[in-house]
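Student: Quick one: the structure is below, questions incoming.
The values are calculated or read from the model by the stated rules, or taken from the named source; none is laboratory data. Quick caveat: nothing in here was measured; it's all calculated off a predicted structure. Every residue, glycine as well, gets a Cβ built from its backbone with ideal geometry; the counts of neighbours run over all protein chains shown.
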Amino acid sequence: MADREQFLKRIADRLGRDRRHNVELPEFQENPWDEMYANYAEEDYLNLFIENLTALTGNALKVTNPTELSQTIEGIIKKENVKTAILWKEKRLEELSLQQALTEKGVFVKVWDSALAETELVGFAEQADIGFTFAEMGLAETGSVLLYNQGDLGRSVSLLPRVYAAILRKEDIKPRVTSALKQIREKHQTIGLPSLINLITGPSRSADIEMSLSIGVHGPGTVYVIVLDY
Amino acid sequence: MSKNQTAFQERVDKSLNDDFLRKALVAAQEKLRNGKKEQSEILGNWENWRKRAEQIRQHTIENLDSYLEQFALNAEKQGAKVFFATDKTEAVEYIKSLAIQKKAKSIVKSKSMVSEEIHLNQALESAGIEVVETDLGEYIIQLAKETPSHIIVPAIHKTKEQVAELFSKVAGEELPADPQELAKFARKVLREKFLQADIGVSGANFAVAESGSIVLFSNEGNARLTTTLPKTHVVTMGMERIVPNWEALDSLLSLLPRSATGQKITSYVTGVTGPKRVGDVDGPEEMHIVIIDNGRLKILGTEYQDILHCIRCGACLNHCPVYRHIGGHAYGSVYPGPIGSVLTPLLNGLDEWKELPYASSLCGACSETCPVGIPLDNYLVKLRRDVVETGRASKLEKIAFQAFGFATGNPSFYKLGVNMADSALKPFAKGERYLVKAPFVLKNWTKVKDLPMPPKLSFRQWWAKEGEKQDGR
């Protein structure tokens, strides 16, 4: 077994200097992203988000009131032939009465409650037609959503079902990944990071066979982001 | 000629005669290159981005001992176990004994180049453990019992018909040669493997020192499944994969997918910080991180140090005219293309790999496209110098250069040679203008390309005859 200090000392020796500890990256005065999106308004971020997600065959749907939200969910159920759904146990999803909305439309719903057993939840998610989560942030430049996974916010919900739907507040759409990384860093420095963070951008894809695009290889093949504009 | 050199030429010949491969490589290169070009234009300011990425890589490598220490301590704080491995034996033994201790029957893997480097699969299989590659391309070549021929598109050399044949054997029925259908089949088979696997092995695109997190880029989602479903997660990472903090990831995350495939971002960017916590339902109970040297240490402090900046995007492969012709397998190494031609001899020694620095036209396209500014073509020249200076150059090359030195050092002999060149080479020419099967030292050249015939008159002869006329005009 390699002794750690020896391993690190050898690196310092090769670099021709003493061992260093707790080095920090120097602050940069200017960044390549400083000037980007300087003239954008909130509406522009939303439009760019929709444009980029759509280009990846993702579906971005804007809703402006609870009735529209309900209609949008009904539309997804019909289009994707949804019979079963798994949901994060999450305050904002509860406030939207998502579980009731789905149940009323005949969908069998399970909520990812960390009091339940792993086999039960993973087993259900694996067979579920759709998984619903809230998203912490949306990124306009890429059409991505940011998720923190822990406890009631299970990893499998956005991963195992064939369809994935995220709910995102319009004001949480930021220009680019810079904002996400900043937030992650602040979280690390304050309350600490959860065991898993995901940036999800459109459906699962591969071009491994003759460079021809296949959708839904391991993760969900269909992705919806419902943007709440109210 | 060394045994390895003979093998190298055989591999090159084989690739050059593979029509599908050559067409596939041209098409793939064009698609990936255009994608990169388009996305770098949309991003704008490319040179500034590139400079920033290079600064961060350089700073990290120059302080690697400190950042590795920070990373290891922070990962351990989150409950991960960290193991430092000097070479492939130590890395493989650690993972193998862990697998035996866990009584693992099956292991799922997401893409990891360093695991190819240490031949992890063979070692685990020899211990009677099933290892399944889950990246679609890697799964294909595992079934075909081959090795990746491209860093990003590992099965680029396979036709859809060949893939259908391989998958049909697994299915026990005939599957159509349709990429979407084949991908669907792989999803079904591999999902079962994920659900049953005892251990998931992933690589690491980056390791964030300040929080002890691993960052994985994936398009298919197999890296997410690998780090979610099995009870134990093992990370194999080269010791240079470090990034100081989350914000420093910005330029690297902005450049890697754009440089690799012309994507703005991969479908999934996943940050793993330790195993699952109390209260988490899914996720591995244990996380082991194996930090691997395996030849990297001896590159530090040399003129080749910047090769450790590499972020494995594969852009240099996509821009290399030599890779376009011969493909990945011809290199015979884990890393093909310009990065492989430089990295392989540095990691594994020039003795076995001295022909790789010559698998280049020195056009400089690799250095120009590299998102972290590695001077690849410059390194290739330096490695050739090393080959000669350490007496490893082939006899043929030595004789040729001695003859060249003698001829160019003796004006009368040189003149004779130049004047005779045309008539001496005529028997080997195709028509008037090109040599197609030259003798002796030129043979290796004309094997892969035609050589223009020397002019009938030397410059001096031409000048004597025509020069004055021109002058008097």
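Student: Being out of contact with any helix residue (DSSP H, G or I) (no Cβ under 6 Å at 6 or more places or on another chain), at pLDDT below 95 and closer than 17 Å to A:Asp229 by Cβ: is that true of A:Glu68 here?
Tutor: Criteria not met by A:Glu68.
Student: For segment A:220-229, enumerate the residues that are touching a helix residue (DSSP H, G or I) at 6+ places or on another chain (Cβ under 8 Å) and either within 7 Å of chain B (Cβ to nearest Cβ) or of a type outside the set (Val, Ile, Thr) (or both).
Tutor: A:Pro220, A:Tyr224, A:Leu228, A:Asp229 - these are the residues of segment A:220-229 that are touching a helix residue (DSSP H, G or I) at 6+ places or on another chain (Cβ under 8 Å) and either within 7 Å of chain B (Cβ to nearest Cβ) or of a type outside the set (Val, Ile, Thr) (or both).
Student: Quick check: anything in segment B:235-253 more than 10 Å from chain A (Cβ to nearest Cβ), assigned to a strand (DSSP E or B) and not β-branched (Val, Ile, Thr)?
Tutor: Within segment B:235-253, one or more residues are more than 10 Å from chain A (Cβ to nearest Cβ), assigned to a strand (DSSP E or B) and not β-branched (Val, Ile, Thr).
Student: Based on what the data block shows, is B:Ser110 touching a helix residue (DSSP H, G or I) at 6+ places or on another chain (Cβ under 6 Å), at pLDDT below 95 and small (Gly, Ala, Ser)?
Tutor: The answer is no for B:Ser110.
Student: With respect to the numbered conditions (1) away from every other protein chain (no Cβ under 11 Å); (2) at pLDDT 95 or above; (3) exposed (fewer than 14 other Cβ atoms within 10 Å of the Cβ), which one is the sole condition not fulfilled by A:Glu42?
Tutor: Going through the list (1) away from every other protein chain (no Cβ under 11 Å); (2) at pLDDT 95 or above; (3) exposed (fewer than 14 other Cβ atoms within 10 Å of the Cβ), A:Glu42 breaks only (2).
Student: Quick check on segment B:55-69. Is at least one of its residues touching a helix residue (DSSP H, G or I) at 6+ places or on another chain (Cβ under 8 Å), surrounded by fewer than 22 Cβ atoms within 10 Å (Cβ to Cβ) and more than 12 Å from chain A (Cβ to nearest Cβ)?
Tutor: no
Student: So is A:Gly192 touching a Gly at 6+ places or on another chain (Cβ under 6 Å) and not in a strand (DSSP E or B) or not?
Tutor: no
Student: Which numbered condition trips up B:Val153, out of (1) touching a helix residue (DSSP H, G or I) at 6+ places or on another chain (Cβ under 8 Å); (2) at pLDDT 95 or above; (3) facing another protein chain (nearest Cβ under 10 Å)?
Tutor: Failing condition for B:Val153: (2).
Student: Give the residue that is surrounded by the fewest Cβ atoms within 10 Å (Cβ to Cβ), with candidates limited to residues of segment B:361-381 that are in contact with an Asp or Glu (Cβ under 7 Å, 6 or more places away or on another chain) and of a type in the set (Gly, Ala, Ser).
Tutor: Selected residue: B:Gly364.
Student: Tell me which residues, restricted to segment A:177-219, are surrounded by 22 or more Cβ atoms within 10 Å (Cβ to Cβ) and more than 8 Å from chain B (Cβ to nearest Cβ).
Tutor: Correct list: A:Ala180 only.
Student: Return only the number of the condition from (1) modelled with pLDDT of 95 or more; (2) within 9 Å of another protein chain (Cβ to nearest Cβ) that B:Asn45 does not satisfy.
Tutor: (1)
Residues are listed down the side, and each one gets a yes or a no for (1) in a loop (DSSP other than H, G, I, E, B); (2) within 14 Å of chain B (Cβ to nearest Cβ); (3) not acidic (Asp, Glu):
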position: A:Leu102; (1), (2), (3): no, no, yes
position: A:Lys110; (1), (2), (3): no, yes, yes
position: A:Ala115; (1), (2), (3): yes, yes, yes
position: A:Leu121; (1), (2), (3): no, yes, yes
position: A:Ala125; (1), (2), (3): no, yes, yes
position: A:Thr133; (1), (2), (3): no, yes, yes
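Student: Residue by residue through segment B:173-214, note down the ones that are within 30 Å of A:Leu181 (Cα to Cα) and within 11 Å of chain A (Cβ to nearest Cβ).
Tutor: B:Phe194, B:Val208, B:Ala209, B:Glu210, B:Ser211, B:Gly212, B:Ser213, B:Ile214
Student: Count, please, the residues in segment A:90-100 that happen to be outside any loop (DSSP other than H, G, I, E, B) and of a type outside the set (D, E, K, R).
Tutor: Here the count works out to 4.
Student: Still on this model: State whether the residues of segment B:251-262 include one that is closer than 23 Å to B:Gly79 by Cα and among the hydrophobic types (A, V, I, L, M, F, W, C).
Tutor: No, segment B:251-262 contains no residue that is closer than 23 Å to B:Gly79 by Cα and among the hydrophobic types (A, V, I, L, M, F, W, C).
Student: Are there any pairs with C-beta distances below 8 angstrom linking a residue in segment B:3-32 that is among the aromatic types (Phe, Trp, Tyr) to a residue that is outside any helix (DSSP H, G or I), with the two at least 6 apart or on different chains, and if so which?
Tutor: Qualifying pairs under 8 Å: B:Phe8/B:Gly332; B:Phe8/B:Glu355; B:Phe8/B:Ala359; B:Phe20/B:His157; B:Phe20/B:Thr159.
Student: Please tell me if A:Gly75 is buried (at least 16 other Cβ atoms within 10 Å of the Cβ), under 23 Å from the mean Cα position of the chain (by Cα) and either at pLDDT 95 or above or more than 7 Å from every other protein chain (Cβ to nearest Cβ) (or both).
Tutor: So A:Gly75 fails the test.
Student: Out of B:Glu90, B:Glu62, B:Glu38, B:Glu76, report the one residue that is over 27 Å from B:Leu252 (Cα atoms) and of a type in the set (Asp, Glu).
Tutor: Testing whether each residue is over 27 Å from B:Leu252 (Cα atoms) and of a type in the set (Asp, Glu) leaves just B:Glu90.
Student: Let me ask something else. Within segment B:295-307, can one find any residue that is part of a helix (DSSP H, G or I), of a type in the set (Phe, Trp, Tyr) and either surrounded by 23 or more Cβ atoms within 10 Å (Cβ to Cβ) or within 13 Å of another protein chain (Cβ to nearest Cβ) (or both)?
Tutor: No, segment B:295-307 contains no residue that is part of a helix (DSSP H, G or I), of a type in the set (Phe, Trp, Tyr) and either surrounded by 23 or more Cβ atoms within 10 Å (Cβ to Cβ) or within 13 Å of another protein chain (Cβ to nearest Cβ) (or both).
Student: Also, quick follow-up: Residues being under 39 Å from the mean Cα position of the chain (by Cα), loosely packed, with under 14 Cβ neighbours inside 10 Å and facing another protein chain (nearest Cβ under 7 Å): count how many of those fall in segment A:2-23.
Tutor: Qualifying residue count for the region: 2.
Student: So, one more: Name every residue in segment B:313-331 that is under 12 Å from the mean Cα position of the chain (by Cα) and surrounded by fewer than 21 Cβ atoms within 10 Å (Cβ to Cβ), in order of residue number.
Tutor: Selection gives B:His329 alone.
Student: Do you know which of the residues in segment B:5-40 that are farther than 30 Å from B:Ser394 by Cα and more than 14 Å from every other protein chain (Cβ to nearest Cβ) is surrounded by the fewest Cβ atoms within 10 Å (Cβ to Cβ)?
Tutor: The qualifying residue surrounded by the fewest Cβ atoms within 10 Å (Cβ to Cβ) is B:Asp19.
Student: Which count do you get for residues in segment B:124-162 that are in contact (Cβ under 8 Å) with a residue 12 or more places away in the chain, surrounded by fewer than 24 Cβ atoms within 10 Å (Cβ to Cβ) and of a type in the set (Gly, Ala, Ser)?
Tutor: 2
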